[in-house]
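J.: Structure below; questions to follow.
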Amino acid sequence: MVVVPEFLIRRVYKKGSLKRIENGASLELKNVLGPGFISGFNFVKINDVIYEPKDVKFIMGGEQLLGESVSEASPIAFRLGQEGTLIMTGKDSVVDGLNKIVIEVMNPEAGKVSLSVEDTV
Amino acid sequence: MEVTFDRYSLIIDGKRVFIKSGAFHYFRTPGMAKDRFEKMKAGGYNTVDIYFNWNFHSPKEGVYDFSGVRDVRKVLQEAKDAGLFVIARPGPFINGEVNAGGLPFWLLRKEDVIPRNRIGTEYKYSATYMKYIAEWYDHIIPIIRDFDNVILFQIENEYATDTMEEDYMKELYKMARDRGITCPIFHNDAYFAGLWADVVDIYALDLYPYINPNQNWKQDNFCFDTLDNVEEIFRGAKENSPPFIAEMQSGWFDKWDGSGYKHIRDALGDEHINIMTKTALSQGVTLFNHYMAVGGTSWDDLACDEVYTSYEFTAPIDEFGIIQSNFHKAKEINYFLDSFDFTCTEPKAFDFSQTNIYSKMRHDLTNDCDWLFLRNMNPEITDINLPNGKSVKLKPYDMKICPVDLKLKGCEIEFSDVEIFARLQQENEEAIFFIADKNANIYLKDEGIISGDKKDFDNLTFEKEGKITRFVFLTKNLADKSWFLKDRLIFNADYVLPNGAAALEKSGEIAYYDLKHKFAKKYCVVNEFGDYDKPEVIENFDIEFCAPEIDLHYDYSDWQKIGAKTDSLSCGLYDEFVWYKAQIPDTPKEITLSARHLFAVYINGKEVLNRNSYKIEKLQEVPETISIPLDKTILNQDINELTILVQNLGFDKGFSGDTNCPRGLVTFETTPEIPIEFYVKEKLSIERGDLTESDNPYLTKITVKFNVEMKDNVFFAKYLSLENFRFRRATIFLNGVKIGRYIKRTHVQEKFYLINEFLRPENTLEIVIWEKDRNIKSSWGFKSDIKNVIIQIGTQKMYQLMR
């Protein structure tokens, strides 16, 4: 685990953005850390529900990317200040009240980066 | 020396000073500080940044060595003599890709010490760790304190925890102050998030936009996003401290599984350092530190596990001490900053936008003018049509600083995209040196347009109210060989020393310019160095088998007996090589072991396994466990002799992993399980000085004798080339000093710097080959094979210093 303090990683999550959608969930991210690449979506976990890369879409700048298409060979640029929406489908996960969210992605320089936050719906 | 600051710049003895610093590792450049500092000074740097490596000075608990190549007082004096300020960075943790991040090995094995007061990202305070830091500070700070050219002091390095408790950092700050540090204290924030800004005097950060050699920074040009907005970060973090980039990328390090320094140097080119430095200026930065300014060598056991011997870093001055093309680019900017006081500027609105063009205007409160910064990130030459009606043609990935309404003594520049190289001035006269550019122009107020399409030394003179300004043009090639000393310029020299002595590779005409005498010339004759382009192939060398430890019946009765924990830290052995010997009955069917990083297993004097276990995946070390089946052909005696040799490539540097991750023999088991009693000893026998020729061929020493002509006033750098070397691993000793590790797998390094400090007129080079080949049936066969090895010694560069 690379030493990027959790409190910094948490800043990437836009507080209050978690939404329940039909058969899934959506949330928003904003890169406030620095320019870089995402070279893989490992998983998104909301409460006890785990979404595999195939269940995850990332919409950024009007472009929709499938989680499973992002890889070391095909990374996506995530610029400083850039915003994106993560959409998870296939299972319901969001509950009324407090929700626990874990997003694990890969970065070519930092390795595994895990974002762990709580948000209320 | 009194050092203060405000929101613009550092103020030294009441005068604003722009800090142009470069990083230098004295421990990786033994005995060559004077040479490297003089070159830095010649390139316009006014400051050297120095990490002080605790581990390098403290081999054992309670032992501190500041003698010989560890004499930091001498290094600091040489910085002072060269006219450089010093940024002192004594850690305690320094990273720098050094073994254990600079923490002493003995410290790592103390159970109640938590390195850096954190486990992973969790803060965990250790009073014992703090006690030992106090001991280090007690030794290093009195030396630092004796030098009044030390202008800044750093605590810790790139530090963060999840909860950001301030106790540790506050305690370090207090420790430094209590020991007499009076200059401003800072920390460098690797996350550019304002970390520790309230704990220190000046907020500083690191910026490395290119850290992945597979990345094409020209294509992925958004890598400069943070740099392009860094002024905002500084102002948000600490309003009243000057923008300070404590580590600003001027190169990058390569790794064992990397792509080689040539690839990185080619990828960065001269454009990267130009963009980095000029963009920083455009963001109001008045203190920068090029990391690194000088490359080095991880000789002995200096390297962390990640990096190989060369720490060339693609720095402006390379590992051999040779000036590289990015040095010339840094020099141009440094000279410009020496010519115009840039310490007090403010951002100014500039309403302009063009695809892939970065633009920024700054108002200069000292020179009462504006400076327009323009950067082209398009892959082709681009015309930039500015709102002021001027058009600028910029090469791909080029960046320029253009003066706007710059009042000179004899004229006024309304706008210029011909870049200023240097300025000499006295009360009523000045000479401005420009770098000729056929696509650029100087727009003079009331004087028309001057094309930048000029030849060397073309010049123009302007006079106004008895004051004179002379423009002198230099082509880029000549600018690279032009050197700005305080009151004059020297042309056609490969480099100069602060005293004005010129260094030349070949005979030639040196030109001088000063305001009093104008141009003067002198022909300098360089003594024939001979043809040194081709290395000499060494044909005569001795061969010895040098690992008696492997031999059956080797007497290891005086070795250290160890317990169940076999890793090197637990055994208190910190050398790269650790030997393990034990007796093993003939009953086990299998042994299973894990060792870091390279190891071999011998039973009854015969090799049964030779393995390179070093593996990194997704930036993490991957441990490997290996089982070796045994049978009666291997365990052919009732009691058999087991020997294991482990070579560790260094401890983790501690930035992201644990410094005390185990090395040596990490685990060992037999099947069925029987207790094995190990005895250990460190170092190869040639290092220990107890070498006797052995019967086995597994480690073989080649001894080469060669002479070096030491001449006064000649700079030279020599190397050993193992290009076309037929063997897979070697450790290289020059006059008894370990100067390199060769591992063929990755081909990242085949040329090794023969460090000047360790060279003598008559030299002995010993190369210990650790060869695996099982087909070697006899000693004679192996020795015969080694006779065909190709070893070359060459000269990288030679310069005569013309006093």
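J.: Neighbour counts of other C-beta atoms within 10 Å: give me B:ARG89, B:ARG423 arranged from fewest to most.
T.: B:ARG423, B:ARG89
J.: Right, next: From the Cα trace of the protein assembly as shown, what convex hull volume per residue do you get, rounded to a whole Å³?
T.: Cα convex hull per residue, to the nearest whole number: 178 Å³.
J.: What do you get for Rg/Rh over the range B:548-683 if you use C-alpha atoms and the Kirkwood form of Rh?
T.: 0.97
J.: Note the per residue figure in Å³ for the convex hull of the C-alpha positions in chain B.
T.: 160
J.: So for the range B:406-498, considering every pair of alpha-carbon atoms, how many percent are separated by more than 22 Å?
T.: Considering the range B:406-498, 26 percent of its Cα-Cα pairs are separated by more than 22 Å.
J.: How big is the dipole moment of chain B about its Cα centre under a simple scheme where the beta carbon of each Lys and Arg is +1, that of each Asp and Glu is -1, and everything else is neutral? Debye, nearest 20, please.
T.: Magnitude of the dipole: close to 1300 debye.
J.: Relative contact order for chain B using alpha-carbon pairs under 8 Å, separation at least 6, rounded to a whole percent?
T.: With pairs under 8 Å counted, the relative contact order is 11 percent.
J.: Reachable lysines from B:LYS632, Cα under 29 Å, same-chain residues fewer than 8 places away excluded?
T.: Straight-distance partners of B:LYS632: B:LYS561, B:LYS565, B:LYS581, B:LYS589, B:LYS606, B:LYS681, B:LYS772, B:LYS777.
J.: How large is the helix-only mean residue ellipticity at 222 nm for chain B, computed as the sum of -39500 (n - 2.57) over DSSP H runs with n ≥ 4, divided by its residue count, in deg cm²/dmol to the nearest 500?
T.: The helix contribution divided over chain B gives -4500 deg cm²/dmol.
J.: Order of B:HIS25, B:HIS597 from fewest to most other C-beta atoms within 10 Å?
T.: Placing the least packed residue first, the sequence is B:HIS597, B:HIS25.
J.: Report the percentage of all Cα-Cα pairs in the range B:1-114 whose separation exceeds 22 Å, rounded to a whole percent.
T.: Cα-Cα pairs in the range B:1-114 separated by more than 22 Å: 42 percent.
J.: Plugging the Kirkwood radius over Cα pairs into Stokes-Einstein for the range B:277-365, at a temperature of 4 °C and a viscosity of 1.567 mPa s, what D comes out in µm²/s?
T.: Reported coefficient: 82 µm²/s.
J.: Taking N as the number of residues in the range B:167-247, what is its alpha-carbon radius of gyration divided by 2.2 N^0.38 Å?
T.: Taking the Cα Rg and dividing by 2.2 N^0.38 Å, one obtains 1.30.
J.: Let me ask something else about it. Hey, got a sec? Which GluC sites (Glu not before Pro) in the range B:76-111 land in a DSSP loop and have at most 10 other Cβ atoms within 10 Å?
T.: Answer in residue order: B:GLU111.
J.: Further question on the same structure: Using the structure shown, select from B:LYS278/B:LYS518; B:LYS360/B:LYS400; B:LYS278/B:LYS395 the pairs with a Cα to Cα distance greater than 20 angstrom.
T.: With Cα atoms farther than 20 Å apart: B:LYS278/B:LYS518.
Throughout, read-outs are computed from the coordinates displayed, never taken from laboratory work. Computed from a predicted structure; not experimentally measured. Backbone-built Cβ (ideal geometry, glycine too); neighbour counts: all protein chains shown.
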